Structures are given as structure tokens and as C-alpha cells.
Amino acid sequence: MTENIQETIVELLNQASLYGKDSQRVQHLRHVQELILRKDPSLLDNFLEEVLVFQTDRSAEVRKTITSFIEEACQHDPEVIVKVIDALRFLLYDDNVLVQKKLIVAMVSIYKSTLKWLSRSRLIDENVRSMWESMINMKNHIISLLKSDNDGLRTAAIKFIEMLALALSKRTADSIVPQSNDQDISVNVIQDDHRILKKAKLELEGKDVMEKLLEFTLSQHLSSVNLISAMGAIANIARQRPDYMSRVVQTFEALQVNLPPTLVDSQVSSVRKIIKLKLLSLLKHPASLAFHPQITTLLTDLGATQAEVLKHLPKVTSESKRKLTSGGSENIAKKSKLLLDEPNSYTSYDIDDSSNMSNKISNTQSATSTTNPNHQNTAIDITAADLIGKLNITNVVDLVLVSMLTLPERMPASFQATYTPIAAAGTPAQIQHLARLLGAQLTAAGYGKGYELMKSQQTTKPAQSDDDVSDVKPITSIMGVGRDDAFPIDSDKPNMSGLPISVIGSSNVSSSSTSVPSTSTSVSNEGVLSEASSSALPATTTANTSTMPSTTVQQKKFKPFKLADAMKPIEYEEMQRMSTDAFYRILHAEDVCDRAGVGHVRKKTMTSLVCLSERSFRDIYEDYIFADVRKRHDLAFSWLYQEYAYASGYLSVLEPNKKKDFSKYDDTLCRLLEYLQEKPDQRDGLFSRLLISAPLITDNALRVLKRYCQDETRSYIGMNTLRDLIFRRMTMRDKFLEILLDFTHNDIVAVRNNAIRISKSLHEKEEFKQAIERHALKFLKHLTSARPPEALFSDEKKNSNDAWTEDSIRLCLPLYLGLMPSNHNLIQPLATIYTGVNGDIKRVILRVLETPVRGMGMNSPEILKLVENCPKGAETLITRIIHILTEQTPPSRELVEKVRDLYHKRVSDVRFLIPVLNGLEKKEIINALPKLIKLSSMVVKEVFNRLLGLNASAETYASPILPSELLIALHQISPEDCELKIIMTATSLCFNERTIYTHDVLAVVIQQLVEISPIPVLFMRTVLQALSLYPKMVGFVMNILQRLITKQAWKQARIWEGFIKCCQKTRPHSFPLLLQLPPPQLKHVFKIASDLRDGLIRHIRSLSIAQRSSIPSSIMSVIEDNSENNTIASGTTISIQPPDIRIQPTTTVNDIATIQQQQQQQQQNVEPVH
Amino acid sequence: MLNSGQWIKPIKTKIYFSNVKQIEYQVIVALADTFSLHFYLVEGVDAALQIKITVIMPLKFAVVCSSNQNRSMEAHNFMSKRGLIIKSFGSGAQVKLPGPSLDRPNIYTFDTSYEYMYKDLIARDQNLYTQNGVLHMLDRNRRIKEKPERFQDCRDRFDIVFTVEERIFDQVLEDLDNRDKKTNELVHIINIDVADNPEDATLGAFMLCDLGQKMEAVDDLDNEIDEILTEYESKIKRPILHAVSFY
């Protein structure tokens, strides 16, 4: 069997050492392990070497397997350790973390088994000695791994330390040891005279590592895994070594309020859950009885229900209770008896060094008063006991108030998670708990009675202790809840620096000894009592600076700490400099603060500082803000608000009746505004934003705003700001409105226009309407006074206000006029006022009227009303209004009606009609024409323009009278109505419009005129004019002349005159016509225009015989009669005359007329007129 | 190397070359009781180079719900398909399944097989239990393992224990605390709340599996678990409880 196994092992080892797959090799080695250790342990010696070879294997898995092999081997036979210690050391320094971890875990059991083996073994040789040294080295290395970077390594180290703390301490009667660990080593089994195992030293070491562990548990930057492991470890230790119960409970206490800040929310809740779990398990432990109040309070804080707590409470027999709280004499007797017992037996009550002395003290002081031996008097206990009495309501309130100052801005995550409402506030148990919490904090910060006591003890201790135990414990370990770094500022309790401590210290120290016992009414009544007395004593010793425990009890007062004593006033300049420097630092921390997300804190700090400080900070702050105002304007805003809050007395809770003083606020606001005003770039609108969001606008600020608005380039923004202010600031609305309205007659055009623009927009709102109109009217009324009002002028021009100038007149009007389009009613008062002002002003008014009137439109009932009830003296105004209205659009019917009414009934000034001419009927126009053309030439021209539609576009314009009709009407004006000359001027105006009076139109006019009887005086003039304008009309004119002949034009002298003139002009076309005249008339013609005769003779000569013969002889005789000389000279006169031919003049005229017409038609065909 | 029916799981390993800094490869490892490795080496890399491989032992997972029926089994199913080594447990005193009404659940002991429950429920009211999905669930469960297991009765060791309810988390912690300590091996207990209904169970299984794979992917889990959990917590926006205990 053994042979077989041996062979198999060899085979397996060979395979494992071959280059193969790791997993398979691990498998082989496991198999080997199984075979050797389970089947035939005797083979271990044979194969140990071979197996250990694998410790240098490449594969980490193989090395881990070897580690577990060694572990099991050691458990099997502890002596093997001597052989494998080197391998273990090698593996401990492995570069693979997993292997290291595995080894540390293995070491937990190896160390125990080795210790156990050593304690039993009497035979110690060199090998064993060196092995133990190596072991110690390894142990130290593992302990040092507590500071490793690797989380897992730290966790493993915690487990190892837990084991050390357990193994190197004494098991006591109330230790609850799990079954599996029952056989574990404890110091109890080590003999006092062991050669290499020094019991005392080992025990001390155990305490030391325990302290390390506790310290580690409370260190600041712990991962949650480590924390949970460490908590598990200490709870475990507390269960198995009740001596540590007090420390562990304290640690939990401290931990619960001081969780590492690095934990995230869910980790905090996990950790709290574990704390709760561990505390509940401790609660079960009989040794925890004395700590039940603390534990229960803690558990309640952690959210455990009463039922949960009760469930875990051990069934306490009255006997055990009595035993725990019984008088000291019995204990001491028992203890002394036990101490004499042999070391292997469990000592039930052990006293550690720190409590030793206080025990001695209390023993010497009083036989009946003693400490509970289980209850170690650590610094916290002492301080807590000291504090209990001081926690009266006044002090607590003070503490809370003072701590408010250091309250963090945001609730830390750990606090949020750990906070539970205090269920039993004010009960003795809770006060005790609070005292302990405070005690922990104070001790950690190096204050309090307990701390001082410990410190003094430390100085005395070395003298008493063994030589072996010479290493001085660090103070932190004495404190019990020492932190590995400085007292945390960001912990959830506000840091207990100087101030709160001094408050407590100075107020109540003197009464400590009397007040403490009186409050101790809790379950652990006696414990507290003894604690109190023992704490009072060390205080005395400390005060006496005596290193010897004194037997005489002398209550001497502590000298209370006074802050004022320790301080020295700083020089004023120095103070100034420091504060300024500090302020600069805050200013320059912009980036840092933003990154850290505390920008708002910084802002608040700065504004508060600036607000409270004197001038210097404000200047700095201003400069800072204005250096980059775009980015920092919010600082300015919050500053302003702070000033306001300060000025309004919101901040001064202490002096609620303080008089409100806004001068600083005013100053700040104005300075900010002034700066923003001067800023070249106004696009950001900060000026208006500041004004709009300012909590209060002072008069000075208004002044700045006024200045701003008067700046030509900025008035736009300024006015808009003003408008916003009017809208948003109800209380000051009237004031702003007044300012705005004052600007409406500012002498700077831009300012005025902007103001009017805003006023107009405001005017649309019902609530402002009245005020604005009232103001406008007020200014309008100023016009009626003899001199311009002072309000019109800015300060510097005050002296020049003696007379109205055009400028000053104009200033009064724009707002009013601007309002008119939106409120037509306003036109009535205007008209009224118009009647009352002098000519200059009237002229100005008329001039500026155009825009508003046009804005109102001719359909405005108000205008119509005004036209209807035209006040006396306002005719010109109305004319102007109507004129403006009709300038570009034809007048509406209503308007025409009204104007007509006015014209007929009241004012017979024809000028009224001009604007509405186009709306009138033809007859009316013709009737009015004589009057119209009598007006000045400009007006006449305007009239014609209107009538002819020259100014308006063709489509919309429909004149009631055609151009031809107009001209005809002009001709028909009787000279009685109008002078001929005026009519002539009028007609020539028509002729000038050649685009309208084309020859077609003229032809129509002439044609119609010629039919009128009598022919209008100006007819021939018109014909001549037409002819001169359009020479091509000559044919047509011939026709007309023909008509005149038939109408016997010679009966009208003027026409006849014109006829002759026309004939003269139209030579040679007029010759045939002349021939048609009756001889007397022809003769008359020749008489007036003798030159016609020659032409006519030449004409006749050029005619054919037949034509010639058609000329009546009477005519011929008239011609010849006067041209005798000519015919003789030519010698052809006689032959020309055909005496026998007689043609009726009428027919001849007709014939010639037809010929003429044909000629004309031919001409027209050849050369089109147009 | 791959036998049918064996677990197949990808493990990220680190391969160190003597002259190259460090290249990571996906290595497929077939798992059963043995390990075997296949390398798919990148083209161009000389396979003869000295290669030192760190093979990380696959993590052993456990999922605990109250009855080892819905949530834990869904996760068991899901994660085992993804190649994780997993066992599932219940932590309650008995196995409870929905009954005809809320206050009348069907109660079985933990050693009742899924098969039995399946048939039993069919016999009771096939319609009802088909409709509420219990039969479907049991059908799936009986294909995975024989019967429900109680966590407190199991002495297997795990690296990670997932729980799906805070109450179960507490139970598991307490149970582990009260066990006899022997090896001091670390175990992480992680709780993510999952509601006890089929939809949430599926979602929960996915989350647990995802988280498990993330844990599987790192070299030194103990060192990195905090980071993984914090990150994952912010990803799924649910609180994750995490504690450690020792075997």
C-alpha cells in the first residue's frame, strides 16, 4: 500500500515538474498533498524536499498550492516548521500579491501551531531558535503590511493581527471561543520560564498589536473592506477576550461618529450594518453587561429596534449581575487568590497596566470604593465622566451655538447616513453617551482630564514597568481612540478646537467633583461612581505634579484656561495687512474654488467681508470685479444685495432696532453704476441689469441713471432700462415715469426720440395713459404762456429763456404729437391751444403736424369732428390737417362732406376745398374754379396738380374732372368772375403739363370749345398755343378755322384777331382758307396783315387754271385790288382771273375743306402725329 | 481540450513577454475539474518566446435569494450560461411559492425537488400556476438542478456571495459570522436589491452577471473590488451593499 502510494507520488511529482499546463500541475500537486497528508503522513519526511522545490515554480497557482501544502503539513506536524520556515519566508516576499495573501492566511494557522508546539516543547535547539527568529521577522513584516497599498494584503494582515491579538492574550472565564478555535493557543498555556517565549513580553506584544488594530480601525482613509474586516476582527477579539471589551466598544463608539470620509453612501450603510451586527453580537456576550447602555444607545443610533436589542440581550442571572457589580474587596480578595494560582488556570479578572494605577489609588483611598476591574479607565472614560456633570442645558446650548460657527456648508455624506434622530434626548443614558462622544473627541484632540492624566501616567510608568516593557507607548494608544493623523476637520462633529473646550473648562471645572456623582443615576451607577472618584484623584495628582500616588486627597482648583491670558493683541497695521492679505488670497482663489465647487461659499465670504469692512476692502473688491466685469458681475450683484440686507438690518439680529442706514448701500450702488456707465462696451446690458435687480434705487442712483439716459449714444439702452424700471418697480413708478417724460422734451434729439418712443409704447398701457397725456398737455399748454417754461431748459441754458424760439417751441410738441396717433382725442385740445398762440408758434405747429396727422388717418372720427366744429382761429390748422391727409391719398367721402359743410356754412375760404377737390363733384369744382385760380400761383399749381392727379399714382387716383373738361371749364369762366389774365395763367399752367395735355386732349378741347357759343374769349389763344406746342396740329387747326369762318368768327373781335394771327402763323396752309372768307373780311385781313396778301397771290398763281377759276371773282378782286402793283410787275395778273367762273362761297369753302382734310389725312398717314 | 458539456469561460490573462511590455489576450479556458489553455497568439508573435502566464483561478459565485426559486435561479441560469461558476441558494426557513392567494403560499421544505413541486402544482391547479408563471419557473429550475439549497446548510466556500435583498444580506452575514472559522479565506458579500417577480429577476440576473464578469476580469479582486462596486453602483443607480467575511 505504502509502496503504491509512494510510487504514485513520485509519478505525480514528475509530471508536475514537467513543463505542462499549470492547471494540470496544480492538480498533480494537490493529489500529492492528499496522498501524503491524508493517506500516509509518514511519507511527509520523504517527500517534503521534493515538494518544496516547487516553491520557485513559475506559476503563481503552483506556488499557492505549495503554500497550502505547507500549511496543512504544519498543522499536521508542527515540527515541520523548522524545515519549511525558509520556504515560507521566500514565499512571503513573492512578487505575486495572490501568493503573498495566501501565505499570510496560511501563516495565521502556522503561527498558532508553532506557538503551541513551542510552548509545549522543552527541547529548544539552535534550529528552533533561528526558526522563531525568522518567524518573528515574518510576523513583523506581516504587521507592517497593514500599511500596504494593496487592499487585499491589508485585509489578510488584519486577520493575522486578529490571530496575534488572540494568541498573545489570556483566555478568561467569560471568553466565548468558537468550537473550532477551542484548541487555539493563548498565552495562558505558555510557561513563565519558557526559554524563548517570554510570556510577559508576548502578552505585551499582544496588547501592542491590539492597539495597532484598534488604531487602524479608526484611521481616516480606510477602505470599506478593510474597515469591515477590522471591525470583524476586533469584535471577534472582544468576544474571545472580554478584557478588551471596553476598548472595542469605545472604538465602535468613536467609529460610529467618525466614519472615514472616503466612503460613499452605500459603503457607509454597509459599514453601519456591520457595526450594528457586531454590536448585537457583543450584546449577547455576558462581559458586555457593563456596556449595555452605551451599546444600546449606539444601536438605537444605528437604527436597531428595541425588539432587536432585547432579542440579543443575554439572559442575565441576578447572580452574575451581582458578581459584576459587587464591592471591590471581594474582588480583590479573589484576585489575589487567583494571582497565586498556577498560570495555566484562567484568571477571571485581569488588570492591565493603565488601569492598574488607578486601582491602586482607589484601593488606598477607600476600601469600599473600587473600580470595576473589567472596566479599564482610559482617557475617554475619565474625560467623559468629567463631562457628564457639565452637560447641563446652558452649556449644551452654548456648545451648540458655538459649533454653529464651524458647521460645514453641506452635510457630509457620512453624517447624513449616520444621523438618526436622538430617541432618548435628555435622559441620563443619552447624556452619558454624549459625554463619551465628546470625551472621545477631546481626547483625540489632546484635551480633557483623561488625556492629561494619561500623559502624567506615562511619565511615571517607565519607572514602574519591567525592563522588558521599556518601549513607550505612543500617546495615541493611550487615548484609546487615537487617529492616525491630525484631528479631522471635516468630520461630522464640528472640530472642537479651543473655543468650545475653553467654554466647558472655564465654566464648570471647579464643581466637577460634586456634580459628577449626582448625575450618575444610570444602570452602571456604581461603575460611574467609581469612575468619577478615580478620575477626580488623578486630576489632583496631576495638579500637584506629583509622580507618586498621593494618599492625601487635596482638592485643588484647576486654573481655568482663559483665552485672553494667552493672547496678545496684534498691532493695528499688522492686523490690517493680514486681513488685506487674507482678502487677496480669497480673491485669487477663484479657480480653485470653482474647481472644488465651493464658488458660492467664496462669493458669500467675500461679499460679507466687503460689506462689513471698511473702505479698503471695497476698493480692492471693486477693482477686482471691474477687472473682468463680464465674468464677475454676479459678485457685484451679490455684494449689492449684501449691503442692502445689512442696511435693512436683516443681518443684525442682535440689534433689531438699528436705524436703517442706506448710505453705504447708496454709495456702493452708485459706484457700481458709475463704473458700468463709463464702460465703453455697453452690449452686456449690465448697467440696466444692475438697476433692475437692485433691491432699492436711491436718489443718487436715479441721478446716475438720468445722466446715463442723457448720453446720446446710450440713451437707447438708458430709456429701455427706464421702461423696465417703470414696469417692474411699482412703488417708484411715478418717479420713473416723471423722469422719462422729462426726457421727452430734452434738447438732444436722440434722447428725446428715445424717450418719446418709450412713452408711446407705455401710452398703450392703460395704467400709464392718463399720466403721460396729462404731462403732454401740460407742456402743450406752456405754449400759450408768454415765455417758455423753465422746465424746458437744462440747467446751463436757464438764462436764455426770455422768448420763444423755434427750438423751444418744438420741444413742447413732440410728445403730444407722438401721442396723437394713439389717442385721437388729443387733437381737440391742440386745436384749442392753436387758437391761443401767436403766429410763430402756429407756424411751427403747422410744420410739425404732418407725421401725427398722417398717423391718425382721415377716417379718424376726431379729425372729422374737429373739421366739423372748427374753432375760430383754427382754420389754418384744419386746412393744414386736411391738406396733409389728402396729400397722397384721395379724400374720403366723410371728409369731403365735412369740408364742404364747413365751406358752405361757416368759412367760405376756398382754400378749404383744395385738399378735398378730388372728392368734390365736377360741378362744384367748376364753380369753385374762378376762386381757386385767383389764389397765389403756388396754390393754383397745387390745385391743378390735384385736379390732374399729378402727385398721386395713377391707379388710386381718380380725378372727378377730366383734363379736357378742366381746360374747357377754365375757358368758360366769365371775365366778370375772374380777370382774363388769371385765366390765361391758369390755362398756360395746363399747357405746361404736356404729358397730360397731349395734342389729342387739346384737339378735344378745341373741338368742344369751338362749338360753344359764344366762343370763349381765350379760344384762339388756346388754338395758337396748341399750335405752337404741337405744330403738327396745323391741319386740325385749319379745320377749326374753317368752322370759325362758318360761325362767322369775325363778329367776335377777339376771336377774329386771333383768327388772323393764326392764319399768319399757319401760312401757307391758311391760304386756301383765306380764299374762303367773304371779301369784306378778307379785306380786313389784308388790312391787318398785309403780308398775307403777297403770299395769297403767290398761292393763287401756283394753283391750276381750274382751281383758279373756282375762286370767286369778288375774292379775286379783293386780292387784286390791293395788289395792283404787284400784278403789273409780274405781268400775269389778268390772265389769272377767270371772270366767268362763279362758285358759291359756301360750296367752294366746302370743297376746299374737303381737300384740306384729304391733305391733312395724307400728312397724317405719311407722318403719324404721335 | 474542450469536452462537450463543460464550462467554457473566457478569462482575461496577462501575458508577459521578455521584451514586450505587456499585452493582454483573451484566453479561452475550458473548465471542468481541470484547466486547460488554448492560446490564440497574435500573428507575428513568436510563440517560442518565453511566456509567463498568470492564470487566475475562476471565482466561485453564489447567489442567494429567499426561496432559491426565482431570483437566485434566474441568476444561476444566466450566469452559468455566461460561463461563470455559480451556485444558487435560498436563505429562508422553507421554500415558499405563490399560492392561490397572497396569504396562502405553497410551502415546501428545502429538500423537496423541483420536479416534485412541479408535479404537485400541476396536480393542484395547472391553470393557475401556468398563468402566474410558477410552473414555467419550476420547469426551468428542474433543468438546472435537482432541488433548492439552503445557504446556511452549505459548507462550500465562495469568493463572492450575491444577495438580492437586504434581509438576506443580513442573514448571510450573520450566518457566516457564526460559522466556525478555519481558513480565514475572504468572502465578499454583495447585495443588490431585486424585486421578487420574473421581470425584475431577469434584470437582476443580468446585473449580477455583468458585475460578476467585471470581477472576473481583474487580477487582484480584493484590491479592486471597491472601485468596481462604486463604479457599478453609479452605473445601475441602485445602492450596493458590500461586506466581507471569512471562512
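Okay, residues lined up against (1) crowded, with 18+ Cβ neighbours inside 10 Å; (2) at pLDDT 90 or above; (3) closer than 25 Å to B:K81 by Cα; (4) touching a strand residue (DSSP E or B) at 6+ places or on another chain (Cβ under 6 Å):
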site	(1), (2), (3), (4)
B:K182	no, no, no, no
B:V187	yes, yes, yes, yes
B:G204	yes, yes, yes, no
B:C209	yes, yes, yes, no
B:E216	yes, no, yes, no
B:L221	yes, no, yes, no
B:E227	no, no, no, no
B:Y232	yes, yes, yes, no
B:K237	no, no, no, no
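The residues of segment B:112-131 that are under 21 Å from the mean Cα position of the chain (by Cα) and either at pLDDT below 90 or assigned to a helix (DSSP H, G or I) (or both) amount to a single one, B:Y114.
For segment A:129-137, indicate whether the set of residues that are in a helix (DSSP H, G or I) and within 59 Å of the chain's Cα centre (by Cα) is non-empty. Before the answer, list the steps.
Restricting attention to segment A:129-137, the residues satisfying the condition of being in a helix (DSSP H, G or I) are A:129-137.
Narrowing further to those that are within 59 Å of the chain's Cα centre (by Cα): none.
Checked segment A:129-137: no residue is in a helix (DSSP H, G or I) and within 59 Å of the chain's Cα centre (by Cα).
Those helices (runs of 4 or more DSSP H) of segment B:132-247 in which at least 3 residues are within 14 Å of chain A (Cβ to nearest Cβ), considering only elements entirely within it, cover B:166-178, B:221-236. Each residue in segment A:47-68 was checked for being within 14 Å of another protein chain (Cβ to nearest Cβ) and over 60 Å from the mean Cα position of the chain (by Cα), and 10 pass. Only a single item in (1) within 11 Å of another protein chain (Cβ to nearest Cβ); (2) buried (at least 24 other Cβ atoms within 10 Å of the Cβ) is not met by A:A238, and it is number (1). How many residues does segment A:612-624 contain that are free of Cβ contacts under 8 Å to residues at least 40 places away in the same chain and either in a helix (DSSP H, G or I) or not assigned by TED's automatic domain parsing to the domain that holds A:I586 (or both)? Total satisfying the criteria: 7. Here B:S245 clears all of (1) closer than 29 Å to A:A156 by Cα; (2) modelled with pLDDT of 90 or more except the condition numbered (2).
Test of understanding: among A:L153, A:L166, which residue is out of contact with any strand residue (DSSP E or B) (no Cβ under 6 Å at 6 or more places or on another chain), touching a residue at least 24 places away in the same chain (Cβ under 8 Å) and facing chain B (nearest Cβ under 10 Å)?
Step by step, each of A:L153, A:L166 is checked, and only A:L153 is out of contact with any strand residue (DSSP E or B) (no Cβ under 6 Å at 6 or more places or on another chain), touching a residue at least 24 places away in the same chain (Cβ under 8 Å) and facing chain B (nearest Cβ under 10 Å).
For the list (1) at pLDDT below 85; (2) within 13 Å of chain B (Cβ to nearest Cβ); (3) within 49 Å of the chain's Cα centre (by Cα), I need the number of the one condition that A:L259 fails. Result: A:L259 passes all but (2). A:V26 passes all but one of (1) among the hydrophobic types (A, V, I, L, M, F, W, C); (2) free of Cβ contacts under 8 Å to residues at least 12 places away in the same chain; (3) within 14 Å of another protein chain (Cβ to nearest Cβ); which number fails? Condition not satisfied by A:V26: (2).
Which ranges mark the helices (runs of 4 or more DSSP H) fully within segment A:1-99 that have 1 or more residues being among the small types (G, A, S) and closer than 22 Å to A:L118 by Cβ? Hits in segment A:1-99: A:60-76, A:81-92.
With respect to A:A423, determine if the residue is surrounded by fewer than 22 Cβ atoms within 10 Å (Cβ to Cβ), within 49 Å of the chain's Cα centre (by Cα), over 30 Å from A:D193 (Cα atoms) and modelled with pLDDT under 75. Quick ask: steps written out before the conclusion?
Details: surrounded by fewer than 22 Cβ atoms within 10 Å (Cβ to Cβ): yes; within 49 Å of the chain's Cα centre (by Cα): yes; over 30 Å from A:D193 (Cα atoms): yes; modelled with pLDDT under 75: yes.
Answer is yes for this residue.
Determine, yes or no, whether A:Y584 is among the aromatic types (F, W, Y), at pLDDT 80 or above and surrounded by fewer than 15 Cβ atoms within 10 Å (Cβ to Cβ). Yes.
Of the residues making up segment A:262-275, those that are facing chain B (nearest Cβ under 9 Å) and either of a type in the set (A, V, I, L, M) or surrounded by fewer than 23 Cβ atoms within 10 Å (Cβ to Cβ) (or both) are A:V264, A:D265, A:S266, A:S269, A:V271, A:K273, A:I274.
With the requirement that a residue be over 29 Å from A:N150 (Cβ atoms) and either crowded, with 21+ Cβ neighbours inside 10 Å or facing another protein chain (nearest Cβ under 10 Å) (or both), what does segment A:96-127 give you?
Quick first cut of segment A:96-127, residues over 29 Å from A:N150 (Cβ atoms) only: A:116-127.
A:L118, the sole residue that qualifies.
Determine whether A:A254 is surrounded by fewer than 22 Cβ atoms within 10 Å (Cβ to Cβ), more than 14 Å from chain B (Cβ to nearest Cβ) and not in a loop (DSSP other than H, G, I, E, B). For A:A254, the condition - surrounded by fewer than 22 Cβ atoms within 10 Å (Cβ to Cβ), more than 14 Å from chain B (Cβ to nearest Cβ) and not in a loop (DSSP other than H, G, I, E, B) - is not met.
Among the residues of segment A:189-207, are any more than 11 Å from chain B (Cβ to nearest Cβ), under 18 Å from A:C74 (Cα atoms) and not β-branched (V, I, T)? Quick ask: steps written out before the conclusion?
Here is the first cut: in segment A:189-207, the residues more than 11 Å from chain B (Cβ to nearest Cβ) are A:189-207.
Adding the requirement that they be under 18 Å from A:C74 (Cα atoms) leaves none.
Taking every residue of segment A:189-207 in turn, none turns out to be more than 11 Å from chain B (Cβ to nearest Cβ), under 18 Å from A:C74 (Cα atoms) and not β-branched (V, I, T).
Among the residues making up segment A:623-637, a single one is among the small types (G, A, S) and more than 15 Å from A:L609 (Cα to Cα): A:A627.
Table: residues versus (1) closer than 25 Å to B:F61 by Cα; (2) surrounded by fewer than 18 Cβ atoms within 10 Å (Cβ to Cβ); (3) assigned by TED's automatic domain parsing to the domain that holds B:V172; (4) of a type in the set (D, E).
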site	(1), (2), (3), (4)
B:F78	yes, no, yes, no
B:K81	yes, yes, yes, no
B:I85	yes, no, yes, no
B:L102	no, yes, no, no
B:T112	yes, yes, no, no
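Please enumerate the residues belonging to segment A:1009-1023 that are of a type in the set (A, V, I, L, M) and in a helix (DSSP H, G or I). Show your work before the answer.
Narrowing segment A:1009-1023 to residues of a type in the set (A, V, I, L, M): A:1009-1010, A:1012, A:1015, A:1017-1018, A:1020, A:1023.
Within segment A:1009-1023, A:L1009, A:V1010, A:M1020, A:V1023 meet the criteria.
The values are calculated or read from the model by the stated rules, or taken from the named source; none is laboratory data. Because the structure is predicted, anything quoted here is derived from the model rather than measured. Every residue, glycine as well, gets a Cβ built from its backbone with ideal geometry; the counts of neighbours run over all protein chains shown.
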